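First the structure, in the form of C-alpha cells, and then the observations on it.
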Amino acid sequence: MSSGRTEIAVVGSVNVDLVATVARLPLPGQTVPALGFEQFSGGKGANQAVAAARLGRRVALVGLTGSDAEGAAVRAALARGGVDVTHLGVADGAPTGRAIVLVADDAENSIVVVAGSNALLGEVDVAAASEELRDAAVVLAQLEVPVDAVLAAARGAAGTFVLNPAPARELPDELLDLVDVLVLNEVEYEVVIGRPLPADLADLPAHLAQSGLRCAVVVTLGGRGAALCQDGAVVVETPPHVPVVDTTGAGDTFIGALADALSRHEGPPAALRWAVHAASLSVGALGATTGMPTSDQVGASLARSSTDDGVPR
Ligand code: RIB
C-alpha cells in the first residue's frame, strides 16, 4: 500500500468468487459438467478498489469480511493489490460473501451472490472511515451492501460521489440526490430509471430529464463501449477489438478506472475513454481482477487506438 492521503474511497462488498468454466451456461433445469474450477477474490467493492489501485491510486476499502479463513485470504489479497484495508472490518461469526460464477466458452457469464458478511455493513462502519471519505477526491459505492451504508457513504463524501447501482433496485430519492455520477449497465438502467434504455442514445438526455435525475449518467454497453450523458449532451466511446476470455469484473474495472481519471481531475469525456480502454484490457483472463490493467497498459491501448484500428497484431 502506498502511503499518503486517500484518493479514492470505496464502500462496498468483498466476496470469494467460486468460478466454474463451462461449455455453455445451463438452461433452467439443466445440469452441465464444469470444464474447470478456480477460486478468486471478488465482490464489486473489492474489485473496483483493486482496479483503481492497479492504476496507481491510493485506495481505501470500507467493508466487512467474515471471520472465516476466506475472509483472511481476501484481506491479504487486497493488501497485496495495494488496497488500504484499515477499514475492512471482520464480522464475528459471519461467513465472508461468496459469488458462484459460471463462465462459458463464449465468455458469457452468470453470477449468484451470497451476501454473507456484506449484509452486515452498517452506518457505524462507514462513520469509522469518515476521514478517508472526506479526503477522497472520489467515493465509490455499489449495492452489494445495505442501502443505509451506501447512504452514509454518500452523505460523508466531500468529493465526487459515484454510485454503481448493482445489483439493481429502486433507490430512495435522498440517495439519488446525492449522486454526482451514476454508472449502470442496460439492465440496471431499466430498474433504476424505470424504463428501458432508449434505442437511440441521442434520446438519453430527454429520457433522463423526464426521470428527474440531475447527475451525470454513464451507461456501460458491454462490447459496444459506454455512453456518458451530462448537461444535455451524449458522448459514446467504443472499445478496441480484444480477445475475450471472461467479462466478470469488466464493469468493475471500468468504474475503478473512471474513478482513477476523475480523481486526477480529468474531464468526464476523457475519463470515459480511459475507462472503456481499461475495461477492454481486463477481459483477457479468467477471474474478476486477474486482467485489470496498469496505467501504462491503458495508455498504450489509447495510443494504439489513435494510430490504428486497435486490432492487436
Ligand atoms: O462484478 C463482478 C463481481 O460481482 C464478482 O467478483 C462477484 O463477486 C460479484 O460481486
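For Phe37, what accessible area in Å² do you get when you roll a 1.4 Å probe over the heavy atoms of the protein chains, rounding to the nearest 10?
Its heavy atoms expose roughly 130 Å² to the probe.
Tell me which trypsin sites (Lys or Arg not before Pro) from segment 36-73 have a DSSP coil assignment and no more than 13 other beta carbons within 10 Å of their own.
Sites meeting the loop and neighbour criteria: none at all.
Which trypsin sites (Lys or Arg not before Pro) from segment 104-193 combine a DSSP loop assignment with at most 15 other Cβ atoms within 10 Å?
Working: sites: Arg134, Arg155, Arg169; in loops: Arg169.
Of the trypsin sites (Lys or Arg not before Pro), the ones in loops of segment 104-193 whose Cβ has at most 15 other Cβ atoms within 10 Å are Arg169.
Would you mind getting the accessible area per residue of the chain, heavy atoms of the protein chains only, 1.4 Å probe, in Å²?
43
Tabulate in residue order the Karplus-calculated ³J(HN,Hα) for segment 180-187, using 6.51 cos²θ - 1.76 cosθ + 1.60 with θ = phi - 60°, rounded to whole Hz; enter x for Gly and Pro.
For segment 180-187, the Karplus curve yields 8, 9, 9, 10, 8, 8, 5, 5 Hz.
Taking a point 7 angstrom from the Cα of Asp177 along the C-beta vector, which residues in segment 116-153 have backbone N less than 15 Å away?
151-152, by backbone N distance to the label point.
With just the Cα atoms defining each centre, how far is segment 1-44 from segment 176-231? Give it in Å.
First find each Cα centre; the distance between them is then 26 Å.
Take the solvent-accessible surface of the protein heavy atoms, probe 1.4 Å, and return the percent of it on segment 120-204 that carbon and sulfur atoms account for.
After summing per-atom areas, the C and S share lands at 47 percent.
Once the piece of chain linking Val124 and Arg195 is laid out straight, how much longer is it, given 0.36 nm per residue of separation minus the C-alpha distance between them?
Length gained, Val124 through Arg195: 22.1 nm.
Name the residue farthest towards the positive end of the dipole of the chain from the options Ala206, Ala127, Leu18, assuming +1 on Cβ of Lys and Arg, -1 on Cβ of Asp and Glu, about the Cα centre.
Leu18
Could you derive backbone 3J(HN,Hα) for segment 49-62 from the dihedral phi with the Karplus parameters 6.51, -1.76 and 1.60 (θ = phi - 60°), listing whole Hz in sequence and x where the residue is Gly or Pro?
My calculation for segment 49-62 gives 5, 5, 4, 5, 5, 5, 7, x, 8, 7, 10, 10, 10, 10 Hz in order.
Using a 7 Å offset from the Cα along the Cα-to-Cβ direction at both His265 and Ala300, what is the distance between the two label points in nm, to one decimal?
A separation of 3.0 nm, rounded to one decimal place.
So if I place +1 on the C-beta of Lys and Arg and -1 on the C-beta of Asp and Glu, and nothing else carries charge, what would the dipole magnitude of segment 120-229 be about its Cα centre? I want it in debye, nearest 20.
For segment 120-229, the charge dipole is close to 280 debye.
Could you go through segment 188-204 in sequence order and give the Karplus-derived ³J(HN,Hα) for each residue, using 6.51 cos²θ - 1.76 cosθ + 1.60 with θ = phi - 60°, rounded to whole Hz, and x for Gly and Pro?
These are the phi-based 3J(HN,Hα) values: 5, 4, 5, 6, 6, 7, x, 8, x, 4, x, 4, 9, 5, 5, 7, 4 Hz.
Between Val62 and residues 5 or more places away or on another chain, which pairs have amide H atoms under 5 Å apart, with H built 1.01 Å from N, and which residues are they?
Val10, Val11, Gly12
Is there a quick way to get the dipole size of the chain? I mean about its Cα centre, with the Cβ of Lys and Arg at +1 and of Asp and Glu at -1; what is the value in debye to the nearest 20?
Numbers: 19 positive and 36 negative charges, 115 e Å.
Dipole of the chain, to the nearest 20 debye: 560 debye.
Order 273-282, 26-35 from most to least packed using the mean count of other Cβ atoms within 10 Å. Could you put the intermediate results ahead of the total?
Numbers: 273-282: 27.4, 26-35: 8.6.
Listed from highest to lowest mean packing, they are 273-282, 26-35.
Do you know the relative contact order of the chain, to the nearest whole percent, from alpha carbon pairs under 8 angstrom that are 6+ apart?
This gives 17 percent for the chain.
Rounded to the nearest 0.05, what FRET efficiency do Gln210 and Ala73 have when you use their Cβ-Cβ distance and R0 = 41 Å? Please list the in-between numbers first.
Values: r = 47 Å, r/R0 = 1.14.
With R0 = 41 Å, the Cβ-Cβ based efficiency is 0.30.
The values are calculated or read from the model by the stated rules, or taken from the named source; none is laboratory data. Note that this is a predicted model, so its numbers are computed, not measured. So basically every Cβ, Gly included, is an ideal-geometry build from the backbone, and we count neighbours across all protein chains shown. Only protein heavy atoms, including side chains, enter the accessible area calculation; ligands, DNA and RNA are left aside. Shrake-Rupley method; radii C 1.70, N 1.55, O 1.52, S 1.80 Å.
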